[in-house]
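Remarks on the structure that follows.
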Amino acid sequence: MAHAAPASRRMITPRRRPDVFGERTHLAVKVGLPIVLGLVYGYWAAANRRDAGPITGWNLLFGFVTAVVFAALFAAVCALAPLLRRELHALCWFVFAGGAVGFLYSQTGASVISSSGLGLAVGAGVLAMVFYRYYTHEDAAGRRIG
């Protein structure tokens, strides 16, 4: 006759994931990612604005200013959003992503209504995605689960 084995009496503690990368790598990504994404975004915005015309000094200035603003906003969202509750954390990414896409689309000469609509649509997709991720990976206080 088979019986079930008694349950273990030891306390179950949450496992911590091992840190595969070192502190130096994390610092490089924390500093480098906003810069690289900002440069790509600035180039994209400048290319949209110039519309296959000649590259001018004003176009370069616009691209670099856009890159600096995007990098600063991205770094701020990455630093401040994790401190918020999961709902506000997701809302912060919604505003950032929707605004970034809407601005890029507006540089093509599209109307304000269509730029806003595209920004809201992309932002809503980002909101749904990150809210689901935070809802399934964090508790209500924002601490990681498991």
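The values are calculated or read from the model by the stated rules, or taken from the named source; none is laboratory data. Just so it is clear, the model here is predicted, and its values are computed rather than measured. Only protein heavy atoms, including side chains, enter the accessible area calculation; ligands, DNA and RNA are left aside. Shrake-Rupley method; radii C 1.70, N 1.55, O 1.52, S 1.80 Å.
Worth a mention:
- List Trp44, Trp93, Trp58, ordered by accessible area with a 1.4 Å probe, largest first: Trp58, Trp44, Trp93
- Enclosed volume per residue, in Å³, of the convex hull spanned by Cα atoms of segment 29-146: 100
- Full-extension gain in nm, Arg133 to Val36, via 0.36 nm per residue minus C-alpha separation: 32.4 nm
- From phi via Karplus (6.51, -1.76, 1.60), per-residue ³J(HN,Hα) for segment 92-100 in Hz, x at Gly/Pro: 4, 5, 4, 5, 5, 5, x, x, 5
- Spread over its residues, the convex hull of the C-alpha atoms of segment 71-119 is 58 Å³ per residue.
- Phi angles of segment 113-125 translate, via the Karplus equation with coefficients 6.51, -1.76, 1.60 and θ = phi - 60°, into HN-Hα couplings of 5, 5, 5, 5, x, 5, x, 5, 5, 5, x, 5, x Hz per residue; Gly and Pro are given as x.
- Our summary of shape: the Cα atoms of segment 82-146 have principal axis extents of 47, 17, 14 Å, ordered from largest down, in whole angstrom.
- Between segment 16-46 and segment 67-99, the Cα center-to-center distance that results, in Å: 15
- Backbone HN-Hα couplings from phi across segment 68-83 [Karplus 6.51/-1.76/1.60, Hz, Gly and Pro as x]: 5, 5, 4, 4, 5, 5, 5, 5, 5, 5, 5, 7, 8, 4, x, 7
- Exposure of Phe131 as accessible area (Å², to 10), given a probe of 1.4 Å and all protein chains: 70
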